[in-house]
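Below you'll find the structure, written out as structure tokens, and then a few comments.
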Amino acid sequence: MESMLVPQWLEPLLSTAFFSVCRTHGDAARSECNMYCLDCSGDAFCFYCRSSRHKDHQVIQIRRSSYHDVVRVAEIQKVLDISGVQTYVINSARVLFLNERPQPKSGKGVSHLCEVCARSLLDPFRFCSLGCKLVGIKRKGDASFILDNNKIDEEGISRRVSNEEDELLLQ
């Protein structure tokens, strides 16, 4: 049942190390490995490797926020149901964290907690990251990453957006 709820590329993505210097293009300006191919599910790669080895593949770009890996909602929601995962606006882009982020102690009066790691959440979401949603699916099986084109999330937003709407979100 779990394999029906989780795409094959997700676990490799979550365990991939990003932001190393590309072995092939190390001398080039944009050589940090911050791209991931959903079709190949291999290692992270740089901008130049994308053009040469992953030209017609589904690729997402990983970004950093406070030393943690994030992905833009506009990119990931095209291939993954992210309902239930807390999103944040960082540098004017809506993002979500790939993996759990340790948090010292939960503050007093915190009303929303991640079901997996108990991190305090800003809004009534179930998970703080894609990694925590994955653990939640494995434990309970009451959530999924598989897109349902007719599914509407808690905010009333369809998980699929057109390219025009996608561009408006990034402005």
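Are any of the residues in region 66-73 modelled with pLDDT under 95, among the charged types (D, E, K, R) and open to solvent by 30 Å² or more (accessible area, probe 1.4 Å)? No; the residues of region 66-73 include none that is modelled with pLDDT under 95, among the charged types (D, E, K, R) and open to solvent by 30 Å² or more (accessible area, probe 1.4 Å). Evaluated against (1) at positive phi; (2) at pLDDT below 90; (3) open to solvent by less than 70 Å² (accessible area, probe 1.4 Å); (4) of a type outside the set (Lys, Arg), Leu147 falls short on exactly one condition, (1).
Determine whether Ser51 is part of a loop (DSSP other than H, G, I, E, B) and modelled with pLDDT under 95. Criteria not met by Ser51. Search region 99-119 for residues being open to solvent by 20 Å² or more (accessible area, probe 1.4 Å) and in contact (Cβ under 8 Å) with a residue 24 or more places away in the chain, and hand back the single one that is nearest to the chain's Cα centre (by Cα). Here the answer is Asn99. Here Val73 fulfils each of the conditions (1) without any contact (Cβ under 8 Å) to a residue 60 or more places away in the chain; (2) within 10 Å of the chain's Cα centre (by Cα) apart from (1). Every test in (1) among the β-branched types (Val, Ile, Thr); (2) surrounded by fewer than 18 Cβ atoms within 10 Å (Cβ to Cβ); (3) touching a residue at least 40 places away in the same chain (Cβ under 8 Å) is passed by Thr24 save one, and that test is (3). Among the residues of region 28-70, those that are more than 19 Å from Pro12 (Cβ to Cβ), of a type outside the set (D, E, K, R) and free of Cβ contacts under 8 Å to residues at least 24 places away in the same chain comprise Ala28, Ala29, Ser31, Phe47, Ser51, Ser52, Ser66, Tyr67.
The residues of region 76-95 that are more than 21 Å from Phe45 (Cβ to Cβ) and touching a residue at least 60 places away in the same chain (Cβ under 8 Å), listed by number, are Gln77, Asp81, Ile82, Ser83, Gly84, Ser92, Ala93, Arg94. Residues of region 1-33 that are in a helix (DSSP H, G or I) and modelled with pLDDT under 95: Glu2, Ser3, Met4, Leu5.
A single entry from Leu80, Leu122, Leu96 fulfils the requirement of being within 21 Å of Glu11 (Cβ to Cβ) and either open to solvent by 30 Å² or more (accessible area, probe 1.4 Å) or in a loop (DSSP other than H, G, I, E, B) (or both): Leu80.
The values are calculated or read from the model by the stated rules, or taken from the named source; none is laboratory data. Computed from a predicted structure; not experimentally measured. Glycine also receives a Cβ, built like all others from the backbone with ideal geometry; neighbour counts cover every protein chain displayed. Please note that ligands, DNA and RNA were not included when accessible areas were found on the heavy atoms of the full protein model with its side chains. Shrake-Rupley method; radii C 1.70, N 1.55, O 1.52, S 1.80 Å.
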